[in-house]
Amino acid sequence: MNDQPDSAAVATDWTTVATDWTTVSTGDGPMRVFVARPAQPSDRAVVVLQEAFGVNDHIQDIACRYAARGFLALAPDLFHRNGAGTLAYEQHAEAMPLIGAIGPEAIVTDVEAALAHLAEKENVPASRTAIHGFCFGGRAAFTAATGIRGLGATVVFYGPGIAAGPHAVLDRTADIDAPVMLHVGAQDPTIPGDQVAAIEEALTTAGATFESHVYEGAGHAFACDARPHMYVKDSAETAWQRTHAFLDKYLPAAS
């Protein structure tokens, strides 16, 4: 994990974050979960959903950034069914069939298990929890929002497969009852403009509360500072600033 994360992502003392792993039960067996805990007990949480490469250092880093901002952060291992663990970023070809095997029902099962753990062990209800996903996890976050009622908010960073593909869930958009924020790079080939438009149209038709932001000059994974050749600093910082404002609006810190 980075010792000094981007200042746009962190507003408090990084050294106060405590990390650990725990295991929660799901309908499909045990699932390991990375936990990043703020210095003081928190009544709000974020479930961070992995890219196609597992709960790697970057995803753990994201969870720690949230903890540094006062959120209890959990990053569940969505590869627990196949035991893949983590993959290197150059193992893209190996990652594709792994994420392709994880459909909507499995995603909802796993996120519900993380939410149950938060409610039962940490006293943080779903209404005080955001789901934030990246890449495959972006698709997973949107999917969770269609299948789980009463979430606090959902944030999607460049999530392909929402509007097209074997696990598309636009037909379930009417079931979303929590605010949604989406971030997409204008040059992201995995989420072309017609798919962005389809997602926005579906959310509008559903009467959902949402924000959708497209970043010119940015491609896929533009906020992943672990991949310098894809990282676009200005777009990433803006996306994070918008995300923090969004979550502070819908999940304000206790006064």
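The values are calculated or read from the model by the stated rules, or taken from the named source; none is laboratory data. This one's a predicted model, so the numbers in the text were calculated from it and none came from an experiment. Ideal geometry is used to build each Cβ from the backbone, glycine not excepted, and the neighbour counts take in all protein chains shown. Ligands, DNA and RNA are stripped out before the accessible areas are found, and what is left, the full protein with its side chains, is counted by its heavy atoms. Shrake-Rupley method; radii C 1.70, N 1.55, O 1.52, S 1.80 Å.
Quick one: net charge of Ala226's neighbours, Cβ under 11 Å, K/R +1, D/E -1?
Counting the neighbours of Ala226, the net charge comes to -3.
Before I look further, what does the chain give for accessible area per residue, probe 1.4 Å, in whole square angstrom?
40
Considering only C-alpha atoms, what is the centroid distance from the range 29-61 to the range 91-117, in Å?
Centre-to-centre distance over Cα atoms comes out at 14 Å.
Whenever you get a sec, compute what percent of the accessible area on the range 71-142 sits on carbon and sulfur atoms (1.4 Å probe).
53
Quick one: what Rg and Dmax do you get for the range 95-239 from the alpha carbons, in Å?
14.8, 43
In what sequence, largest accessible area first, do Thr129, Thr15, Thr190 appear using a 1.4 Å probe?
Output order, biggest surface exposure first: Thr15, Thr190, Thr129.
What does the helix-only formula give at 222 nm for the chain: each DSSP H stretch with n ≥ 4 adding -39500 (n - 2.57), the total divided by the residues, and the result rounded to the nearest 500 deg cm²/dmol?
The helix contribution divided over the chain gives -10500 deg cm²/dmol.
Quote the FRET efficiency, to the nearest 0.05, computed for Ala88 versus Ala245 with a Förster distance R0 of 51 Å and r equal to the Cβ-Cβ distance.
Details: r = 34 Å, r/R0 = 0.66.
E between Ala88 and Ala245, to the nearest 0.05, is 0.90.
Using per-residue counts of other Cβ atoms within 10 Å, averaged over each peptide, order 40-49, 167-176 from highest down. Walk me through the numbers before you get to the answer.
Details: 40-49: 23.1, 167-176: 18.2.
So the order, starting with the most tightly packed, is 40-49, 167-176.
If you count the DSSP beta bridges with both ends in the chain, what percent of them are antiparallel, to the nearest 5?
Expressed as a percentage, antiparallel bridges in the chain total about 40.
Along the charge dipole of the chain, Cβ charges K/R +1 and D/E -1, which of Val48, His183, Ala101 sits furthest on the positive end?
So the residue we want is Val48.
With a Cα-only, solvent-free Debye model of the chain, what are the log10 I(q)/I(0) values at q = 0.07, 0.13, 0.15 Å⁻¹?
-0.20, -0.74, -1.03
Counting only protein heavy atoms and a 1.4 Å probe, tell me what percentage of the range 143-192's accessible area is made up of carbon and sulfur.
On the way: 850 of 1570 Å².
Solvent-exposed carbon and sulfur of the range 143-192 make up 54 percent of the total.
Mind checking which of Gly137, Gly193, Gly165 has the largest fluctuation in a GNM of the chain, springs on alpha carbons under 10 Å?
Looking only at Gly137, Gly193, Gly165, the biggest GNM fluctuation is shown by Gly165.
How long are the semi-axes of the ellipsoid equivalent to the range 186-255, from square roots of 5 times the Cα gyration tensor eigenvalues, in whole Å, largest first? Working shown, then result.
Numbers: eigenvalues 106, 86, 11 Å².
Values for the range 186-255, descending: 23, 21, 8 Å.
Taking the range 55-113, which GluC sites (Glu not before Pro) meet the DSSP loop condition and have no more than 15 other C-beta atoms within 10 Å? Numbers along the way, then the final one.
Values: sites: Glu90, Glu94, Glu105, Glu112; in loops: Glu90.
When the GluC sites (Glu not before Pro) of the range 55-113 are filtered for loop state and at most 15 Cβ neighbours within 10 Å, Glu90 remain.
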